[in-house]
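The values are calculated or read from the model by the stated rules, or taken from the named source; none is laboratory data. Bear in mind the structure is a predicted one, so any value in this text is a computation, not a measurement. All Cβ positions, even for glycine, are placed from backbone atoms using ideal geometry, and neighbour counts span all protein chains on display.
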Amino acid sequence: MEILKKRIIKDGLAVGTEILKVDSFLNHQVDVTLFELIGAEFRTRFDDVADKVDKILTIEASGIAVAAFTAKYFGSVPVVFAKKEQPSTMAEDYYFSEVMSFTKRKLSSIRIGKKFLAAGERCLIIDDFLAHGQAALGLARIAQQAGAEVLGAGIVIEKEFQEGGARLREKGYRVESLAVVSKIEDGAIYFKE
């Protein structure tokens, strides 16, 4: 997605060789116009399964906005997000999976209430970043526990060099990434051709 790549170059900040900060438009401050375009692009990329999507799955917090904008283009299907901490209000049964956060360097048990994901439902995973693949794989494990089907994963920015996309694809998941970063070096961001 060329407009996204241009925005990453313009406003993204490379930190070392592994971190790409895009908080000015993606995961701290939201550029609503760009998110509309992102949602429309995911619809285009998943057009062949669009009428089959029952739910969109993501993880709090930065995946929620992307997933919500995307849901509009899939008939406003519900967005279900995994919680990283168990709030006192989550007394019902839930599915859970452990995931390691790359940016926070912390192991979290993500949870989705069982009443929000049912057997036979077909889901898209939508998230802002794909690095090592932990978040997407954790959501896929939750979908499997529920007896739901994952139709694919839509990722705004994939950091190819951290191999999460390869892990998902090796497990048979369809991955559609809007911008694929092949490397970060000397403050420069390089995209896969």
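At-a-glance table
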| quantity | calculated |
| --- | --- |
| Residue within segment 4-21 that is small (Gly, Ala, Ser) and touching a helix residue (DSSP H, G or I) at 6+ places or on another chain (Cβ under 6 Å) present | no |
| Near pairs, Cβ below 6 angstrom, 6+ apart or cross-chain, from segment 1-13 (more than 15 Å from SER177 (Cα to Cα)) to any residue that is among the small types (Gly, Ala, Ser) and assigned to a helix (DSSP H, G or I) | ASP11/SER24 |
| Among (1) closer than 18 Å to ALA118 by Cβ; (2) over 17 Å from the mean Cα position of the chain (by Cα); (3) part of a helix (DSSP H, G or I), the one test that TYR95 misses | (3) |
| Residues of segment 146-193 that turn out to be closer than 20 Å to ASP11 by Cα, among the aliphatic types (A, V, I, L, M) and in contact (Cβ under 8 Å) with a residue 60 or more places away in the chain, as a count | 8 |
| Residue list for segment 97-119, filter: touching a Leu at 6+ places or on another chain (Cβ under 7 Å) and modelled with pLDDT under 90 | MET100 |
| Lone unmet requirement of (1) surrounded by fewer than 16 Cβ atoms within 10 Å (Cβ to Cβ); (2) in contact with a Pro (Cβ under 8 Å, 6 or more places away or on another chain) for LYS72 | (2) |
| Residue within segment 134-148 that is part of a strand (DSSP E or B) and either out of contact with any helix residue (DSSP H, G or I) (no Cβ under 8 Å at 6 or more places or on another chain) or of a type outside the set (S, T, N, Q) (or both) present | no |
| Cβ-Cβ under 8 Å pairs, at least 6 apart or on other chains, segment 96-121 side closer than 12 Å to ILE59 by Cβ, far side of a type in the set (Asp, Glu) and modelled with pLDDT under 95 | SER108/GLU85; SER108/GLU98; SER109/GLU98; ILE110/GLU98 |
| Residue that is surrounded by the most Cβ atoms within 10 Å (Cβ to Cβ) [pool: residues in segment 50-64 that are within 26 Å of LYS21 (Cα to Cα) and in contact (Cβ under 8 Å) with a residue 40 or more places away in the chain] | LEU57 |
| Segment 4-37, subset over 19 Å from the mean Cα position of the chain (by Cα) and part of a helix (DSSP H, G or I), residue surrounded by the most Cβ atoms within 10 Å (Cβ to Cβ) | ASP11 |
| Hey, THR70 among the hydroxyl-bearing types (Ser, Thr, Tyr), without any contact (Cβ under 8 Å) to a residue 12 or more places away in the chain and outside any loop (DSSP other than H, G, I, E, B) or not | no |
| Answer residue from segment 38-67, given it is in a loop (DSSP other than H, G, I, E, B) and touching a Cys at 6+ places or on another chain (Cβ under 8 Å) and is farthest from ALA153 (Cα to Cα) among those | ASP54 |
| Residues (over 16 Å from the mean Cα position of the chain (by Cα) and buried (at least 19 other Cβ atoms within 10 Å of the Cβ)) located in segment 109-134 | LEU117, GLU121 |
| Output for segment 149-193, where each listed residue is in a loop (DSSP other than H, G, I, E, B), charged (D, E, K, R) and either under 23 Å from ASP54 (Cβ atoms) or in contact with a helix residue (DSSP H, G or I) (Cβ under 8 Å, 6 or more places away or on another chain) (or both) | LYS171, ARG174, LYS192 |
